[in-house]
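Just so it is clear, none of the values below were taken in a lab; they were calculated from the coordinates. A quick note: this is a predicted structure, and the numbers were derived from the prediction, not measured. Using ideal geometry, Cβ is built from the backbone for each residue, glycine included, and neighbour counts are taken over all protein chains shown.
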Amino acid sequence: MQLIAGNPTAEEFSNLRQAVGWGAPTTAQIEQAFSRTALAVRIEKDGRLCAFGRLVSDGMLCTYFQDIMVRPDLQRQGLGSAVVRALQEAAPEPIPGGFRGLIAIPGTEPFYERLGFHEQVPQNTVMVLEQELRS
């Protein structure tokens, strides 16, 4: 398996999102999201996308770890950890009061805690305007 910097194709990204049970945005939506990505890494094997993650950042105050995904048949083999660690190494150090973090899907908190993340509740509450796309 090979860790590669950069985005996959929109089709590969969409297929991986569907495989993990997330919605399938349009190609135009994916390309727009990728255009606002600070850094993306992916793991491929034999030309097939196995894992992916990206940073969305202003480079100073806020950096979000986004779209951390591993094909279900390859989970619990260290691929997600490799993706997150590569992103952690590249994530800009925030200024005092800044933020580097993510929104964890319920049940994934232990995975992220093993990688150095910690829950911030009750200090902050995650609030959204709209629900995530679901397939």
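The alpha carbon centroids of the stretch 1-39 and the stretch 76-131 are separated by 19 Å. Distance between the 7 Å Cα→Cβ label points at Thr108 and Ala90: 1.8 nm. Here the calculated FRET efficiency for Glu119 and Asp46, from their Cβ-Cβ distance with R0 = 35 Å, stands at 0.40, rounded to the nearest 0.05. Exposure proxy ranking for Thr26, Thr37, based on other Cβ atoms within 10 angstrom of each Cβ and starting from the fewest, stands as Thr26, Thr37. Taking a ≥ b ≥ c as the square roots of the eigenvalues of the alpha carbon gyration tensor, the chain is rounded, as a/c is under 1.5.
Taking 7 Å steps out from each Cα toward its Cβ at Phe99 and Gln2 produces label points 3.7 nm apart.
What percent antiparallel are the DSSP beta bridges of the stretch 2-114, to the nearest 5?
Restricted to the stretch 2-114, the bridges split so that about 85 percent are antiparallel.
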